[in-house]
Amino acid sequence: MAASGYSDLREKLKSMTPHRDEEKNKYVDGTSNGSGKGRKRKFRESDDDEYEHSDDSAELREQEARRVRSSILQKRIFTPEECALIEEKIDDVVAQGEAGLYREHTVDRAPLRNKYFFGEGYTYGSQLEKRGPGQERLYRKGEVDEIPSWVHELVIKRLVSSGVIPEGFVNSAVINDYQPGGCIVSHVDPLHIFARPIVSVSFFSDSALCFGCRFQFKPIRVSEPVFVLPVRRGSVTVLSGYAADDITHCIRPQDIKERRAVIILRKTRPDAPRLDSDSPLRSSPAERPAPLKAKRSHRKADPDAAHRPRVLEMDKEENRHPSVSRHRHHSISSENYWRRGQDSDKHRESSGRKVKMRRH
């Protein structure tokens with residue numbers, strides 16, 4: 001035993017600060033001097049974030065995870081050989097982007113992630129005159145390139161024949177090309193721009209789609225997700241209902257260990273707002289510098305890249321919901337899933353409901 005009479009430093013500290021145990025018990029029991037039943041405990045995870053936790057919060061998060069899981073459909077459709085062919089086409093898109101062969105708003109570059117808009121593109125992030133959800137606008141017709149024929153032939157037709165989407169559904173295709181450590185912060189695909197469901201197909205490597213995360217920056221870090229959905233090379237992921245509308249989704253830096261690309265297929269709403277000829281972007285074409293060459297798609301990133309603040313301000317969006325442990329995904333039939341997505345759209349159109357993006 002030590003000269004002070006304590007063999008364990010924790011015992012010494014406990015005896016010196018008995019008031020801490022009283023304070024701890026007050027919140028754990030939910031009582032203070034016999035009152036305050038069910039009181040919530042507050043604690044800080046960082047200097048600028050405060051969360052509330054109560055005894056039933058774990059169950060509430062579990063319920064939310066079940067709602068997310070029930071509104072996701074996932075299928076393994078594309079074979080390795082089909083993936084390899086599509087990946088060659090994605091490499092061609094990257095090469096054309098590097099050569100400056102696309103229209104101005106087709107290519108959107110960010111650190112460790114490039115986006116290629118086809119069919120329809122839209123403003124977001126720092127491009128908006130007013131920030132926040134609901135301010136996004138479609139570009140004027142013709143300001144992004146048309147959907148490549150190979151996307152129709154190799155991807156869209158395959159999804160139609162598999163019963164994932166109906167004929168003629170897709171009029172917007174986006175290719176996100178991620179380098180190791182790349183990410184996209186928590187967001188909801190704009191409800192006033194895109195109909196549901198949201199369909200994505202993964203290529204080059206396996207990754208994960210996370211729901212209900214909160215991003216912080218300098219350095220970049222991400223809270224524990226409400227739900228984690230593994231996405232495999234060649235798999236198709238379909239979001240509708242709660243997963244598409246009522247909780248944010250993201251790609252975390254730690255989930256991109258190798259180069260990964262995803263093709264996102266969507267349908268714009270007929271009443272989606274569009275930039276008119278008198279609506280300038282935050283930076284007009286005359287102010288834009290000459291197109292930069294994209295980072296080479298096959299280079300190896302710095303192993304520490306995932307832990308560095310590499311997300312542009314334009315990518316920051318409103319987030320919501322606290323964290324919960326990971327869960328396995330659960331898929332439902334395509335027919336029922338598609339009907340649920342259509343019913344959800346009709347309900348929103350009739351009720352005029354607005355989804356408020358809350359911080360989590």
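The values are calculated or read from the model by the stated rules, or taken from the named source; none is laboratory data. Worth saying up front: this structure is predicted, and the values here are computed from it rather than measured. Every residue, glycine as well, gets a Cβ built from its backbone with ideal geometry; the counts of neighbours run over all protein chains shown. Just the protein is used for accessible areas: all its heavy atoms, side chains included, with ligands, DNA and RNA removed. Shrake-Rupley method; radii C 1.70, N 1.55, O 1.52, S 1.80 Å.
Summary table
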{"read-out": "Hypothetical label at S70: residues of the range 187-223 whose amide nitrogen lies under 14 Å (7 Å Cα-Cβ projection)", "value": "none"}
{"read-out": "Listed peptides 80-89, 165-174 by packing density, highest first (mean Cβ within 10 Å)", "value": "165-174, 80-89"}
{"read-out": "Distant-in-sequence amide H partners of D145 (H built 1.01 Å from N, under 5 Å)", "value": "R103, T106, G119"}
{"read-out": "Heavy atoms of R232 accessible to a 1.4 Å probe, total area in Å² rounded to 10", "value": "110 Å²"}
{"read-out": "Cα gyration tensor, the range 116-228 - rounded (a/c under 1.5), prolate or oblate", "value": "oblate"}
{"read-out": "Karplus (6.51, -1.76, 1.60) ³J(HN,Hα), θ = phi - 60°, over the range 81-86, in Hz, Gly and Pro reported as x", "value": "5, 5, 4, 4, 5, 5"}
{"read-out": "Spin-label model distance (nm) - A99 vs S162, 7 Å beyond Cα toward Cβ", "value": "3.0 nm"}
{"read-out": "Listed residue pairs exceeding 26 Å between alpha carbons, taken from K218/K257; K75/K218; K157/K257", "value": "K75/K218; K157/K257"}
{"read-out": "Nitroxide proxy distance, nm - points 7 Å out along Cα→Cβ at L275 and L154", "value": "3.0 nm"}
{"read-out": "Amide H partners (placed H, <5 Å) of R269, local residues excluded", "value": "F194, A195"}
{"read-out": "Förster radius 35 Å - calculated FRET efficiency between E62 and E88, Cβ distance, rounded to 0.05", "value": "0.25"}
{"read-out": "Other-chain or far-sequence residues with amide H under 5 Å of T248's (modelled H)", "value": "G212, R320"}
